[in-house]
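In what follows, a single structure is set out as structure tokens and then discussed.
The values are calculated or read from the model by the stated rules, or taken from the named source; none is laboratory data. For clarity, every value in this text was computed on a predicted model and none was experimentally measured. Counting neighbours? That spans all protein chains shown, and the Cβs are built from the backbone with ideal geometry, glycine included. Note: accessible area is taken over every heavy atom of the protein model, side chains too, but ligands, DNA and RNA are not part of it. Shrake-Rupley method; radii C 1.70, N 1.55, O 1.52, S 1.80 Å.
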Amino acid sequence: MGQDLLVIDATSLGWGTRVKGFIACFAIGCLCSLLGSCLLWVPKKGLMLFAVFYTLGNIASIGSTLFLMGPMKQLKRMFEPTRLIATIVML
């Protein structure tokens, strides 16, 4: 049982680390989305580049909240009845 507590302590992040991870991941997401919007105007491959970078930006931005509340809590809250329609539309 003591070994289980060591694993939990080793894998949990402190609040400061969580906030830094959130900010970094969110900034990367915004940068990818902005880059995708700028690449939309590239001839011939612009639409494909936009789709790739904008999608990566959205995934990174949504994923940034995993740092704040953790993956399981995030999934539970996403599928609450009041948020279910928004989750389905986003997916």
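The table below lists the values:
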item	result
Å³ per residue enclosed by the Cα convex hull of the chain	119
Spin-label model distance (nm) - Glu80 vs Thr55, 7 Å beyond Cα toward Cβ	3.0
Axial C-alpha extent at least 27 Å, average Kyte-Doolittle at least -0.5 - helices from the chain (DSSP)	15-39, 46-69
Length-normalised contact order of the chain in % [C-alpha pairs under 8 Å, at least 6 apart]	28
Rounded if a/c under 1.5, otherwise prolate or oblate - segment 7-60, Cα gyration tensor axes	prolate
Computed [θ] at 222 nm, deg cm²/dmol, the chain (DSSP H ≥ 4; -39,500 (n - 2.57); rounded to nearest 500)	-26500 deg cm²/dmol
Computed accessible area, Cys30, all protein chains, 1.4 angstrom probe, square angstrom	60
Exposure ranking of Thr17, Thr65, Thr82 by accessible area [1.4 Å probe, largest first]	Thr82, Thr17, Thr65
Environment charge at Met69 (Cβ cut-off 12 Å; Lys +1, Arg +1, Asp -1, Glu -1)	+4
